[in-house]
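What follows draws every value from the coordinates through simple rules; no lab data is involved. Source: prediction; values computed, not measured. Neighbour counts are summed over all protein chains in view; Cβ atoms, including those assigned to glycine, are modelled from backbone coordinates with ideal geometry.
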Amino acid sequence: MTRNQNKVEMKGISNMAKAKQPRAGANLTPASSSSELLTKEQVATYLQTSRRYVERLIKAGRLRAHKLSSGCVRVRRGAVEALLEGCASMYREVCAKHREGSEVSQ
């Protein structure tokens, strides 16, 4: 191996060491506790939406979030699950009212 090849190989090794490792908690598993703190990106992935939509949910008060410092916002998993449950119950109510309305009109 030549001297230049050795330098290139060593540079490649140092770049591999600098490569980003996956963050702890990046994967959302059903076994996680409801008090687990999630980033806006993780919530967006969980809801299959954009980060901007999550920010709008927070601003509208539909999703409770905790501001830890400037630019550092975390959402409890339980708050995300409550949002989903609230949407599901609202959907059930709308469907029930729709069914009642169509039964009356028949």
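Taking other Cβ atoms within 10 Å as a rough exposure proxy, 52, 77 sort from fewest to most as 52, 77. Here the Karplus curve 6.51 cos²θ - 1.76 cosθ + 1.60, taken at θ = phi - 60°, turns the phi angles of the stretch 91-96 into couplings of 5, 4, 5, 5, 5, 5 Hz, with x standing for Gly and Pro.
Remark: the stretch 34-106 is approximated by an ellipsoid whose semi-axes, taken from the C-alpha gyration tensor as √(5λ), come to 33, 11, 10 Å, largest first. For residue 38, the amide hydrogen comes within under 5 Å of the amide hydrogens of 75, 76, 77, counting only partners 5 or more places away or on other chains and with H modelled in the peptide plane.
FRET efficiency for residue 84 and residue 59, Cβ-Cβ distance as r, R0 = 22 Å, nearest 0.05? Don't jump to the answer; show the numbers that get you there.
Numbers: r = 19 Å, r/R0 = 0.84.
Step by step, r from the Cβ atoms, then E = 0.75.
Sorting 70, 34 by the number of Cβ atoms found within 10 Å of their own Cβ, with the fewest placed first, yields 70, 34.
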